[in-house]
Amino acid sequence: FAWITNEQVEQLLAAARADLLHPQLAVILAVAAYTGLRAGEVLGLQWPDIAFDRRLITAQRSYGKPYTKTGAVKRVPMMAVLEPILRQWRGLASGSRWLFPTRTGEVRSRDDRHLQEHFQSAVAASGLGPESIQGGSRKRFTFHDLRHSFASNWMSTGGDIFKLQKILGHKSITTTMRYAHLAPRAFEGDYGRFGGVG
């Protein structure tokens, strides 16, 4: 899987913010990068799903369908870096119940070509070429790679893998384990478990 570091996420968001014609783009990318939600779950968010008081985001639909890809409702933490972005976006919101509505106030569809085109423009403007993408040899960075980036950055900053499993909505820890090697001190404190110098 391909992913980018937290610093590279910031580069991408800065490039997206510079696209003044599409102000939603940077917020959509921030939600994806800081929650690990799938594209459809991000675009399926409504304002009642955002609980600022509990710092919780509830993903319960995808592209307007009344269910997520797995059929399960997911509750993910609202990271400190994301909260001010969402609060500011709420102040600019158009009055639609959707966080990221189309110009007509409806939910975006899976085939939203414009979103993909603007996303790829932001990737190009950010300078994130194939040589700077971690863990992969892809020619281009995809929207789904933001989910991998969230998981990879979670683990590389010492996050708990079992919490990550819940956030990503993986039914089996085996799927989540592909990110385990990124934990910087995964076995710290374990080396002396059976004696000897730890």
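The values are calculated or read from the model by the stated rules, or taken from the named source; none is laboratory data. These numbers were taken from a predicted model, which means no experiment stands behind them. Heads up, the Cβs are rebuilt from the backbone with ideal geometry, glycines too, and the neighbour counts pull from every protein chain shown. For the accessible areas, the whole protein counts, side chains as well, though only heavy atoms, and no ligand, DNA or RNA atoms are used. Shrake-Rupley method; radii C 1.70, N 1.55, O 1.52, S 1.80 Å.
Selection over the range 27-61 of residues that are free of Cβ contacts under 8 Å to residues at least 40 places away in the same chain and within 23 Å of ALA2 (Cα to Cα) gives a count of 1. Checking each residue in the range 100-111 for being within 18 Å of the chain's Cα centre (by Cα) and either without any contact (Cβ under 8 Å) to a residue 12 or more places away in the chain or within 16 Å of PRO23 (Cα to Cα) (or both) picks out PHE100, ARG108.
Residues in the range 2-23 that are assigned to a helix (DSSP H, G or I) and either in contact with a His (Cβ under 7 Å, 6 or more places away or on another chain) or surrounded by 24 or more Cβ atoms within 10 Å (Cβ to Cβ) (or both): 2 in all.
Can you name every residue in the range 86-97 that is surrounded by fewer than 19 Cβ atoms within 10 Å (Cβ to Cβ) and either part of a helix (DSSP H, G or I) or at pLDDT 85 or above (or both)? Scanning the range 86-97 gives ARG87, GLN88, ARG90, GLY91, LEU92, SER96, ARG97. Would you be able to say whether some residue in the range 100-118 is farther than 24 Å from PRO66 by Cα, open to solvent by less than 80 Å² (accessible area, probe 1.4 Å) and either part of a helix (DSSP H, G or I) or not acidic (Asp, Glu) (or both)? Yes, the range 100-118 has at least one match. Restricting attention to the range 66-85 and to residues that are of a type in the set (Val, Ile, Thr) and farther than 18 Å from ILE28 by Cβ, the residue that is modelled with the lowest pLDDT turns out to be THR70. For the residues ALA26, ALA80, ALA72, ALA59, the requirement of being farther than 20 Å from MET155 by Cα, open to solvent by 40 Å² or more (accessible area, probe 1.4 Å) and among the aliphatic types (A, V, I, L, M) singles out ALA72.
State whether one or more residues within the range 125-136 are in contact (Cβ under 8 Å) with a residue 12 or more places away in the chain, out of contact with any helix residue (DSSP H, G or I) (no Cβ under 8 Å at 6 or more places or on another chain) and not in a loop (DSSP other than H, G, I, E, B). No, the range 125-136 has no match at all. Residue-level check: of (1) surrounded by 13 or more Cβ atoms within 10 Å (Cβ to Cβ); (2) out of contact with any Phe, Trp or Tyr (no Cβ under 6 Å at 6 or more places or on another chain), SER149 misses just (2). Applying the condition of being touching a Gly at 6+ places or on another chain (Cβ under 8 Å) and of a type in the set (Lys, Arg) to the range 17-65 and asking which residue is modelled with the highest pLDDT yields ARG61. Please find, within the range 173-198, the residue that is modelled with the highest pLDDT out of those that are farther than 14 Å from ILE161 by Cβ and open to solvent by 100 Å² or more (accessible area, probe 1.4 Å). Per the stated criteria, the residue is PHE194.
Scanning the range 38-56 for residues that are open to solvent by less than 20 Å² (accessible area, probe 1.4 Å) and either in a helix (DSSP H, G or I) or under 17 Å from ASP111 (Cβ atoms) (or both) gives GLY40, GLU41, VAL42, LEU43, GLY44, ASP49.
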